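Read through the structure below, which is laid out as structure tokens, and then see the notes.
The values are calculated or read from the model by the stated rules, or taken from the named source; none is laboratory data. Since we're looking at a predicted model, the values are computed, not measured. We place every Cβ from the backbone using ideal geometry, glycine too, and count neighbours over all the protein chains shown. Only protein heavy atoms, including side chains, enter the accessible area calculation; ligands, DNA and RNA are left aside. Shrake-Rupley method; radii C 1.70, N 1.55, O 1.52, S 1.80 Å.
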Amino acid sequence: MWLILAFISAALLGFYDVAKKQALRDNSVPAVLLLNTLFSSLLFLPVILSGESGLGWFDGTFFETRPQDLHAHLLIIVKSAIVLSSWVFGYIGIKHLPITIVGPINATRPVLVLVGALAIFGERLNGLQWTGVALALVSLFLLSRSGRREGIDFTHNAWIWCVAAAAALGAASGLYDRYIMHRLPPLFVQGWYNIYQFAMMAAAVGVITFTQRGRATPFRWSWAIPMISMLLSAADMAYFVALSDGGAMISVVSMIRRGSVVVSFACGALLFRERNLRAKAVDLAFILAGMIFLYFGTRQ
């Protein structure tokens, strides 16, 4: 079941990246990110209120939660800080780069998670799974080379470094998730980490507004903004529940989730009219092949 949930999460993440790209067009990154955390918090507020107040609105359902101790909240605050930092870098990068370039950089996350999973959790991959990882690495190299044809210097472009930082922080979040998801209920984590992120982002926007009066990029409303929250919340829900399965492997789940680049690539071609699509389509075939090898390797 955790494999199916991982693939569902990947598809939703692809559409999330598309909504994010659309919402950030000529728009304020801090304001969009603040609204994203607000809407995500509102989506899970009934679940949190039910659990914390003992009203029992969702008792006996998937959305049932129970109050946790201070240590649990401290664990979630750490996660919130890691994820929000990743989002800040990721939002800045995707605003200024083609979505078909951002995807390959994000594809490095499973490789980083794999190294951490091998070192920290003692996970071991079989031959088919290692083949899937190798194919994903080849696709990353080829897609990065395709980006150079668009005049993007990967070593000196600030936006590239922003996306790279987002990928590294995202990998750290994935490893941390593996630690906390066997200690805390998935919906409790998802609900509270959204609320803590909103509090952190509200404080950051307050500082930015005070220090950059008249200089910040103006905000404009887009219906893609609430779609960001809904798609991400659904993707994260599938992801957290997958990791709560005792047999789930974080290295495999993270690699499958990077399959979201296929969805974002298709939308980049159809909606954003991005370039070099033929070369990038060949490169994406390696990602698909890698996902297939990972799937069947896990089924062994």
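Which of the residues belonging to the stretch 153-163 are under 14 Å from the mean Cα position of the chain (by Cα) and open to solvent by 40 Å² or more (accessible area, probe 1.4 Å)? Working first, answer last.
Initially, the stretch 153-163 is screened for residues under 14 Å from the mean Cα position of the chain (by Cα), giving 163.
Within the stretch 153-163, none qualify.
Could you grab the pairs with beta carbons closer than 8 Å, sequence gap of 6+ or different chains, first residue in the stretch 193-219 and at pLDDT below 80 and polar (S, T, N, Q), second one open to solvent by 70 Å² or more (accessible area, probe 1.4 Å) and assigned to a loop (DSSP other than H, G, I, E, B)?
Pairs found: Thr217/Asp26.
Wholly within the stretch 49-117, which helices (runs of 4 or more DSSP H) include no fewer than the required count, namely at least 3 residues that are modelled with pLDDT under 85 and among the hydrophobic types (A, V, I, L, M, F, W, C)? Steps first, answer last, please.
Working: elements: 70-96, 99-106, 109-116.
Correct list: 99-106, 109-116.
Starting from residues that are out of contact with any Pro (no Cβ under 9 Å at 6 or more places or on another chain), part of a loop (DSSP other than H, G, I, E, B) and closer than 22 Å to Pro30 by Cα, keep the ones in the stretch 218-257 and report whichever is least open to solvent (accessible area, probe 1.4 Å).
Ser222
For the stretch 167-184, which positions are open to solvent by 40 Å² or more (accessible area, probe 1.4 Å) and not hydroxyl-bearing (Ser, Thr, Tyr)?
Correct list: Ala168, Leu169, Ala172, His182, Arg183.
Please tell me if Ser80 is surrounded by 15 or more Cβ atoms within 10 Å (Cβ to Cβ) and within 21 Å of Val241 (Cβ to Cβ). Break it down stepwise before answering.
Values: surrounded by 15 or more Cβ atoms within 10 Å (Cβ to Cβ): yes; within 21 Å of Val241 (Cβ to Cβ): yes.
For Ser80, the condition - surrounded by 15 or more Cβ atoms within 10 Å (Cβ to Cβ) and within 21 Å of Val241 (Cβ to Cβ) - is met.
May I ask you to list the residues in the stretch 194-217 that are outside any helix (DSSP H, G or I) and in contact with a helix residue (DSSP H, G or I) (Cβ under 9 Å, 6 or more places away or on another chain)? Walk me through it before giving the result.
Our first condition is that a residue be outside any helix (DSSP H, G or I); within the stretch 194-217, this holds for 212-217.
Selection gives Ala216, Thr217.
Kindly provide the set of residues from the stretch 32-63 that are open to solvent by less than 70 Å² (accessible area, probe 1.4 Å), over 15 Å from Tyr193 (Cβ atoms) and in contact with a helix residue (DSSP H, G or I) (Cβ under 7 Å, 6 or more places away or on another chain), ordered by number.
Hits for the stretch 32-63 are Val32, Leu34, Leu35, Gly56, Phe58.
Looking at the stretch 185-217, which of its residues are open to solvent by 40 Å² or more (accessible area, probe 1.4 Å) and among the hydroxyl-bearing types (Ser, Thr, Tyr)?
Scanning the stretch 185-217 gives Tyr196, Thr209, Thr211, Thr217.
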